[in-house]
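See below for the structure under consideration.
The values are calculated or read from the model by the stated rules, or taken from the named source; none is laboratory data. Computed from a predicted model, the values in this text were never measured in an experiment. FYI the Cβ positions are ideal-geometry reconstructions off the backbone, even for glycines, and counts take in every protein chain you see.
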Amino acid sequence: MSDAETRTQLQSIIDKHAGDPTELLAILKDAQALWRLVTPEIVTLLAEILDLPRVHVEGTATFYHFLSGTHAGTYTVYVNTSMTAEMAGLAGVVKAFEDELGIAFGDNTSDNLIGLRKTSCIGMSDQEPALLINGTVFTRVTPDRVRELVAGMRARRPVHELVTPSNDSNNALPSIHAEVTNNIQLKGPVFFTEYDLGSGLKKAMTYDSLDVLEVIKASGLRGRGGAGFPTGAKWGFCRAAEGETRYLMCNADEGEPGTFKDRVLLTEMPELIFEGMTIAGFAMEATHGIVYLRGEYGYLREHLEGTLASMRARHLLGRGILGTHFHFDIRIKEGAGAYICGEESALLDSSEGKRGQPRNRPPYPATSGYLHEPTNVNNPETYACAVKIMLRGADWFRQIGTAKSSGVKLLSIAGDCPRPGIYEVEWGKTVREVLALCGAENVLAVQVSGPSGDCISEKQFDRKLCYEDLSTGGAITIISRERDLLFVVRNHMEFFRNESCGFCIPCRAGNQLLARSLEKIMVGNGTATDVKDIQRLGHLVMSASRCGLGQTSPHPLLTTIENFPEVYAARVRKDVDYESQFDLAFAIADSSAAAHRLPLVESHVAAAGEE
Ligand code: SF4
């Protein structure tokens with residue numbers, strides 16, 4: 001293709017996005033879809049046409065899993081390597097693809113027709129092994145199904161013809177068209193129940209906007225993404241911040257392996273999320289809402305856009321909502337495969353078309369968020385709760401759950417249990433009660449909140465899921481006694497190593513070193529000293545990393561060493577042990593002095609020395 005043709009096609013993609021530089025990621029995704037790669041020439045042209053520094057465009061183009069500098073295949077197959085996929089037979093699926101095509105993952109067929117790639121969790125932990133082909137989701141894939149898919153791709157059939165459409169609820173809509181089921185196993189009073197669309201917003205708009213804030217505060221609602229920050233207070237900070245435009249972000253980038261609750265909420269009750277955002281917009285006097293939708297959930301985009309359009313038609317969004325002077329609208333921005341973008345400041349940068357790297361904080365998003373304007377970031381589940389709180393009152397919500405954890409929580413349960421899926425439970429349920437709900441037996445361990453959370457043993461199964469005890473963003477992954485726990489830990493450490501944004505060395509290098517030490521133990525060469533070194537390095541990584549990823553990434557190792565010491569004791573060599581002569585604290589102090597970074601690092605050395 002000539003340069004002139006490339007320029008013309010690129011210009012039409014840019015025009016589709018109104019030439020908006022904050023849409024750079026969407027433009028790059030369209031370029032990737034058209035050419036199956038993003039070449040240096042495309043990067044240069046984009047920089048020129050959008051009047052952006054080339055390094056900015058290149059930085060974005062090289063950051064995300066779903067953008068590729070080399071041809072990704074006319075059909076790009078992304079299998080996800082999450083632990084739940086491994087549990088469900090991923091190895092057989094990988095082998096079937098490789099045998100059928102005669103290539104390894106990471107390669108393309110010689111004609112570039114099919115490219116095989118691996119990626120992190122795609123949010124289908126309840127129906128693994130799952131994969132994406134050009135963005136379309138295929139679930140419960142078997143080796144036989146792989147052979148069918150390969151035959152279909154070789155016959156150059158459109159991807160939508162390869163899908164066996166789901167007949168499950170909204171998943172059956174033509175606007176979704178994927179092999180996904182909801183698996184809603186337990187409904188409660190807040191989500192997945194019939195309600196009169198717009199009724200929560202109408203009720204909210206009978207109040208003064210400040211009073212809506214007070215109702216949310218009185219309800220005790222806390223952020224459902226995992227951190228549990230009080231929602232009313234957060235909304236108050238954003239409302240009080242000065243700026244030209246106030247933004248609301250909905251963080252629909254659930255990327256923690258084992259988490260899929262937002263997928264089901266977005267599929268079945270998107271209007272509940274959007275109405276909650278509009279109530280929040282009214283309370284904060286904001287005018288712009290943005291849903292940051294993880295790239296893996298791009299298959300829901302048409303469905304979500306349709307819901308937004310029908311809400312606009314009913315004057316529940318847009319200008320003059322419900323005939324008043326309140327204007328608020330919502331648009332969708334898609335990610336492109338990067339777990340770190342679930343971190344709220346990385347999400348903001350990604351939304352602006354940049355690399356999804358965490359920002360330094362302060363300033364916090366409430367005062368300097370999207371485009372450095374006051375911004376509130378909440379999880380979809382948090383916004384959805386606001387609707388029912390407005391309808392049924394703060395007291396009603398507060399009476400559900402525990403003293404410091406009001407309301408209900410959506411759990412994504414997966415792994416070794418007969419009934420994986422979504423459970424709406426009151427805060428305060430014990431882990432043992434949750435295991436009984438999903439029929440899990442012979443349980444060795446439960447990974448609470450995904451790899452960044454805690455891996456607990458049976459001794460802790462009577463702990464309660466709530467902010468006072470065992471806080472969770474919702475992922476519950478069950479590991480049976482038939483599993484090799486270290487295999488699970490290795491999968492989780494590889495996940496963090498692959499998903500580190502690479503900005504800071506403790507996270508970038510530390511996770512790799514931790515994964516290597518674990519490997520040493522797994523192949524039979526580890527000693528008790530290696531286990532101690534893992535603990536020491538793990539705490540160093542946590543204390544010296546810049547954002548939540550590095551601050552939690554050693555958890556799979558540290559919590560299993562703490563809760564399952566016998567597993568490690570059984571795997572280390574007893575015939576030999578040696579104390580390393582390498583002094584980590586000294587080495588860090590020495591290299592820090594050389595880099596003139598003593599004030600920053602001294603505290604880390606001290607922290608390392610305490611271990
Ligand atoms: Fe990036 Fe890891 Fe540092 Fe976070 S801790 S900024 S993910 S390198």
Within the set of pairs 6+ apart or on separate chains, which have a first residue in segment 14-41 that is crowded, with 16+ Cβ neighbours inside 10 Å, a second that is of a type in the set (D, E, K, R) and assigned to a helix (DSSP H, G or I), and C-beta atoms under 8 Å apart?
17/23; 17/30; 30/16
What are the pairs with Cβ atoms under 7 angstrom where one residue, in segment 502-514, is under 13 Å from residue 547 (Cβ atoms) and in contact (Cβ under 8 Å) with a residue 24 or more places away in the chain and the other, located anywhere, is within 7 Å of the ligand (Cβ to nearest atom) and among the basic types (Lys, Arg)? Sequence gap at least six, or different chains.
503/546; 504/546
So, in segment 343-381, of the ones that are of a type in the set (Val, Ile, Thr) and crowded, with 19+ Cβ neighbours inside 10 Å, which residue ends up nearest to the ligand (Cβ to nearest atom)?
377
Just the residues that are among the β-branched types (Val, Ile, Thr) and farther than 16 Å from residue 121 by Cα, please, taken from segment 449-477.
456, 472
Restricting to segment 385-435, name every residue that is touching a Leu at 6+ places or on another chain (Cβ under 9 Å), β-branched (Val, Ile, Thr), buried (at least 21 other Cβ atoms within 10 Å of the Cβ) and within 15 Å of residue 261 (Cα to Cα).
413, 422
Scanning segment 540-559 for residues that are under 18 Å from residue 487 (Cα atoms) and in contact with a Ser or Thr (Cβ under 9 Å, 6 or more places away or on another chain), which turns out nearest to the ligand (Cβ to nearest atom)?
553
Residue hits (segment 532-574; in contact with a Pro (Cβ under 9 Å, 6 or more places away or on another chain), closer than 15 Å to residue 493 by Cα and hydrophobic (A, V, I, L, M, F, W, C)) are 534, 537, 541, 542, 549
Would you mind stating whether residue 487 is more than 16 Å from the ligand (Cβ to nearest atom), of a type in the set (A, V, I, L, M, F, W, C), within 27 Å of residue 413 (Cα to Cα) and not in a loop (DSSP other than H, G, I, E, B)?
yes
Residue satisfying condition, being over 24 Å from the mean Cα position of the chain (by Cα), modelled with pLDDT of 95 or more and within 16 Å of the ligand (Cβ to nearest atom), within set 537, 518, 514:
537
Does residue 177 satisfy the criteria of being surrounded by 15 or more Cβ atoms within 10 Å (Cβ to Cβ), in contact (Cβ under 8 Å) with a residue 24 or more places away in the chain and within 23 Å of residue 123 (Cα to Cα)?
yes
For residue 314, state whether it is surrounded by fewer than 24 Cβ atoms within 10 Å (Cβ to Cβ), in contact with a His (Cβ under 9 Å, 6 or more places away or on another chain) and modelled with pLDDT of 95 or more.
no
Only residues in segment 325-350 that are in a loop (DSSP other than H, G, I, E, B) count as the first member; pair them with residues that are aromatic (Phe, Trp, Tyr), Cβ under 7 angstrom, at least 6 apart or cross-chain, and list the lot.
326/282; 335/292; 336/64; 336/66; 337/64; 337/66; 338/63; 338/64
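Residue by residue, here is whether (1) touching a helix residue (DSSP H, G or I) at 6+ places or on another chain (Cβ under 7 Å); (2) aliphatic (A, V, I, L, M); (3) assigned to a loop (DSSP other than H, G, I, E, B); (4) more than 22 Å from residue 418 (Cα to Cα) holds:
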site	(1), (2), (3), (4)
99	no, no, no, yes
103	no, yes, yes, yes
110	no, no, yes, yes
115	no, no, no, yes
118	no, no, no, yes
125	yes, no, yes, no
137	yes, yes, no, yes
141	yes, yes, yes, no
146	yes, yes, no, yes
Going through segment 134-173 in order, the residues found to be closer than 23 Å to residue 414 by Cα and in contact with a Ser or Thr (Cβ under 7 Å, 6 or more places away or on another chain) are 166, 168, 170, 171, 172
